[in-house]
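Here the structure comes first, spelled out in structure tokens, and everything after it is commentary.
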Amino acid sequence: MRGHGKSDMRSSRRDFLAFSRLLFMGASALVLCPLSLNADNIEALDLETIDPSTGLLLAQVCRLLFPHENLQESVYLDVVRDIDANIAANDHAGTLLKQAASILNREIGGDWINATVAQQLAVLESQQQSEWFNYLRERTIESLYRNPLVWKLVGYQGSSIEHGGYLHRGFADIDWL
Amino acid sequence: MMSKQFAVTDDSVVVVIGSGAGGGVLANELAQRGHDVVCLEAGRRLAPEDIVNNEAEMFGKLTWLDPRIGSGQAISQFPVWTCKTVGGTTTHWTASCPRLQAHEFQARSTYGKIADTTLVDWPIDLQELNPYYGLAEDRMGVTGTHGIPRLPGNNNYKVLAAGARKLGYTQVDTNNVAINSRPRDGRPACLQTGFCTSGCVVQAKWSTLYTEIPRAERTGHFELRPESMAVAIGHDGQGRVNEVRYLDSNGQLTTQKARAVCVAGNAVETTRLLLNSRSDRFPQGLANSSDQIGRNYMRHFIAGVVGEMPGAVNLHRGAHQAGIVKDERVNDPKRGFVGGILMLTVPFAPEIFAKFLYPGGWGKEVARTLENYDHLAALLLHGEDLPQATNRITLHAQRKDGYGLPVPVVHYQEHPNTSRMKAYALEKGKAVYRVLKAKKVHTMVDVFPATHNMGTARMGKDPSTSVCNSWGQTHDIPNLFVADGSLFPTVGCENPTLTIVALVLRQADYLSGLLNHGEI
């Protein structure tokens with residue numbers, strides 16, 4: 001579905017990059033870069049309900065909710081695609097999304113997507129009790145943390161039966177106790 | 001072999017509602033003794049290939065997803081996590097099988113009078129149940145019993161054991177689990193896949209889906225009807241139950257005649273079915289002259305403790321609850337509460353940590369913790385919950401579910417004893433990881449739906465304060481039985497399934513005797 005073979009190689013490289021960055025900078029020094037995606041990337045998703053500018057805004061919201069520096073940004077596009085599929089079957093969710101976009105833009109007094117990351121975060125913080133925010137948080141979690149690319153990044157190994165479980169693959173290999 | 005099929009007009013059959021730990025075992029036991037049984041199961045029957053190592057996918061396949069309403073401290077949209085599938089919660093359970101302790105059968109005598117509870121003693125004691133515990137453990141292949149070796153401990157267990165021992169705990173082992181540590185009973189040994197709660201692909205974990213149910217079918221005395229949702233139980237002019245009305249797999253309302261009916265739907269569905277079976281004679285529902293159906297609803301308090309450890313743990317590898325610390329399960333009122341606590345290993349997938357490690361949380365710190373997933377160790381605490389008449393499952397006055405049945409409302413408020421116990425347990429749980437120099441310790445409190453649901457049709461000697469006698473036979477109607485955790489007068493701190501199986505094996509002895517002697 002998501003081209004596992006190729007991405008495995010890419011993500012092990014990312015793991016390495018993540019590791020070295022942590023090693024040299026320390027986790028607290030990580031600063032989230034601005035989103036490098038644009039509306040064309042969203043257009044290419046061929047979404048059913050979400051328009052490209054809302055899609056781009058959502059990608060950035062999801063990324064700020066669970067910012068994994070060393071994750072390719074296309075994973076956040078997968079989240080937008082999953083949200084699109086979810087609202088196709090759920091009118092209320094569609095309303096929540098429209099609210100999200102209009103409130104974020106209103107609060108920033110322009111295009112939220114063009115604001116600095118610090119400004120974007122400040123607006124999100126002011127909205128974290130709202131229904132739309134919680135809807136997006138839940139949708140993001142259920143898409144992001146079911147994505148094998150994210151599993152790979154965090155070290156969750158997913159299905160094990162095809163490898164004979166962990167009986168001979170490290171279920172009791174702890175060495176630091 | 002095609003399994004037996006019974007006519008809906010056949011009034012000689014015993015109808016068992018539910019195919020999990022209670023219903024599946026009871027139905028098989030009756031069929032083995034030559035009694036004809038029709039088992040109605042609301043869920044569908046999964047084939048071995050339907051069970052995969054994917055939590056989200058299996059959640060969708062196993063879980064009871066029809067609406068339920070939580071009120072008070074119960075989670076509002078999803079107050080309980082039960083299963084709707086052939087095998088019931090035995091597909092999803094962790095197979096943790098500690099017995100209840102002797103004093104937990106005498107909760108009222110041991111703990112004394114406690115305000116705002118309906119605390120009672122069980123009508124039977126441990127000695128009475130011990131032979132059935134033995135039968136249940138043998139049947140389910142429980143490790144550490146009947147000469148069955150315990151499972152080897154996984155990484156998450158080794159962390160728990162090391163921390164616990166440093167704190168001075170001594171009752172630490174890989175638990176008694178109904179998971180094969182070596183091939184037994186036609187099922188293979190555990191491969192430590194790490195997906196106990198998603199249905200065991202290996203079938204090393206005992207589940208009625210592939211043990212009791214097929215065995216019952218081979219007797220020629222048993223018919224399973226999956227996707228059959230019981231909506232009401234009917235009775236004759238003498239007030240004896242004589243039929244079960246259910247919606248079949250096509251949504252067609254069907255009536256199965258019955259000689260006796262045993263309800264094993266897990267506390268919420270058992271309550272709903274009995275309350276929904278109203279008639280002129282029984283306007284409050286069946287077996288409810290005491291007004292106790294749905295009351296005294298208990299669950300264990302369940303809380304998680306998660307340590308960010310100095311080295312890798314990979315807690316997702318291996319059997320979920322093959323790790324236990326039992327030192328705190330004693331009753332020691334000097335701790336500030338009555339009742340005991342268990343500490344058990346538990347793994348979670350990244351999605352669950354994302355949802356609950358920081359409830360409502362988001363941002364850099366949350367993402368950082370999740371990226372540290374392979375360094376997380378986790379344990380689950382559960383402790384005894386006390387019965388309260390006001391903790392109660394009722395039916396919503398207006399809301400209906402997809403079957404047209406009233407939606408159950410689960411109301412739960414924690415007793416102060418439970419609050420004190422929980423605070424104590426969390427400190428002990430955190431200490432386990434702190435003593436091993438965890439960089440950070442998190443707790444997950446009041447975020448999980450209840451998986452152990454008990455007490456809503458409790459056994460007792462007094463028909464005015466209980467629903468069933470010690471055999472699970474309702475006081476009001478001699479041929480109506482309850483065969484699940486609803487029977488528990490109090491709940492101890494142990495996982496309930498083993499005790500449910502022991503109780504229904506005892507019930508099967510009694511019911512079989514009544515059937516043989518033509519008494520029902």
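The values are calculated or read from the model by the stated rules, or taken from the named source; none is laboratory data. Keep in mind the model is a prediction, meaning the values are calculated, not measured. Don't worry about glycine lacking a Cβ; one is built from the backbone with ideal geometry, like all the others, and counts go over all protein chains shown.
Set side by side, the residues B:PHE481, B:PHE488 differ, and just one is surrounded by 20 or more Cβ atoms within 10 Å (Cβ to Cβ), closer than 23 Å to B:PRO463 by Cα and in contact with a Lys or Arg (Cβ under 9 Å, 6 or more places away or on another chain), which is B:PHE488. The single condition among (1) within 14 Å of another protein chain (Cβ to nearest Cβ); (2) in contact (Cβ under 8 Å) with a residue 24 or more places away in the chain; (3) among the charged types (D, E, K, R) that B:GLU365 does not meet is (2). Of the numbered criteria (1) in a loop (DSSP other than H, G, I, E, B); (2) buried (at least 18 other Cβ atoms within 10 Å of the Cβ), the one B:GLY22 fails is (1). Each residue in the range A:83-119 was checked for being surrounded by fewer than 18 Cβ atoms within 10 Å (Cβ to Cβ) and closer than 23 Å to B:VAL366 by Cα, and 4 of them qualify. Restricting attention to the range B:30-74, the residues being in contact with a Phe, Trp or Tyr (Cβ under 8 Å, 6 or more places away or on another chain), aliphatic (A, V, I, L, M) and over 27 Å from B:ARG506 (Cα atoms) number 2.
Within the range B:488-496, is there a residue that is touching a helix residue (DSSP H, G or I) at 6+ places or on another chain (Cβ under 6 Å) and not in a loop (DSSP other than H, G, I, E, B)? No, there is no match, as no residue in the range B:488-496 is touching a helix residue (DSSP H, G or I) at 6+ places or on another chain (Cβ under 6 Å) and not in a loop (DSSP other than H, G, I, E, B). What do you reckon, is B:ARG272 basic (Lys, Arg), assigned to a loop (DSSP other than H, G, I, E, B) and either at negative phi or under 20 Å from the mean Cα position of the chain (by Cα) (or both)? Here the answer is no, as B:ARG272 does not meet what is asked. Among the residues of the range B:172-189, the one identified as within 11 Å of another protein chain (Cβ to nearest Cβ) and either of a type in the set (Lys, Arg) or touching a residue at least 60 places away in the same chain (Cβ under 8 Å) (or both) is B:THR174. Among the residues of the range B:43-88, which ones are more than 13 Å from every other protein chain (Cβ to nearest Cβ), closer than 20 Å to B:ILE213 by Cβ and out of contact with any strand residue (DSSP E or B) (no Cβ under 8 Å at 6 or more places or on another chain)? The answer is B:ALA47, B:ASP50, B:GLY87, B:GLY88. Looking at the range B:149-166, can you tell me whether even one residue there is at pLDDT 95 or above, more than 14 Å from chain A (Cβ to nearest Cβ) and crowded, with 18+ Cβ neighbours inside 10 Å? No. When B:TYR210 is tested against (1) within 23 Å of the chain's Cα centre (by Cα); (2) part of a strand (DSSP E or B); (3) within 24 Å of B:GLU29 (Cβ to Cβ), only condition (2) is not met.
Can we say A:TRP176 is at the interface with chain B (Cβ under 9 Å from one of its Cβ atoms), more than 13 Å from the chain's Cα centre (by Cα) and at pLDDT 95 or above?
yes
Considering the range A:91-156, the qualifying helices (runs of 4 or more DSSP H), each wholly inside and each with 2 or more residues that are more than 12 Å from chain B (Cβ to nearest Cβ) and of a type in the set (Asp, Glu), run over A:91-108. Scanning the range B:190-204 for any residue that is at pLDDT 95 or above, within 11 Å of chain A (Cβ to nearest Cβ) and not in a loop (DSSP other than H, G, I, E, B) turns up at least one such residue.
For the range B:65-171, the helices (runs of 4 or more DSSP H) that sit wholly inside it and include 3 or more residues that are in contact (Cβ under 8 Å) with a residue 60 or more places away in the chain and under 18 Å from B:VAL330 (Cα atoms) are B:107-111.
Residues in the range B:38-86 that are in contact with a helix residue (DSSP H, G or I) (Cβ under 6 Å, 6 or more places away or on another chain) and not aliphatic (A, V, I, L, M) were compared, and the one that is surrounded by the most Cβ atoms within 10 Å (Cβ to Cβ) is B:CYS39.
Conditions tested, residue by residue: (1) within 14 Å of chain A (Cβ to nearest Cβ); (2) touching a residue at least 60 places away in the same chain (Cβ under 8 Å); (3) in contact with a Phe, Trp or Tyr (Cβ under 6 Å, 6 or more places away or on another chain); (4) closer than 18 Å to B:ARG150 by Cβ.
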residue: B:ALA312; (1), (2), (3), (4): yes, yes, no, no
residue: B:ARG317; (1), (2), (3), (4): yes, yes, yes, yes
residue: B:LYS326; (1), (2), (3), (4): no, yes, no, yes
residue: B:LYS334; (1), (2), (3), (4): no, no, no, no
residue: B:LEU344; (1), (2), (3), (4): no, yes, no, yes
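Residues that are under 28 Å from A:SER143 (Cβ atoms) number at least 1 in the following strands (runs of 3 or more DSSP E) confined to the range B:339-426: B:376-383. Please determine whether any residue of the range B:128-137 is in contact with a Phe, Trp or Tyr (Cβ under 7 Å, 6 or more places away or on another chain) and on the phi < 0 side of the Ramachandran plot. No, every residue in the range B:128-137 fails to be in contact with a Phe, Trp or Tyr (Cβ under 7 Å, 6 or more places away or on another chain) and on the phi < 0 side of the Ramachandran plot.
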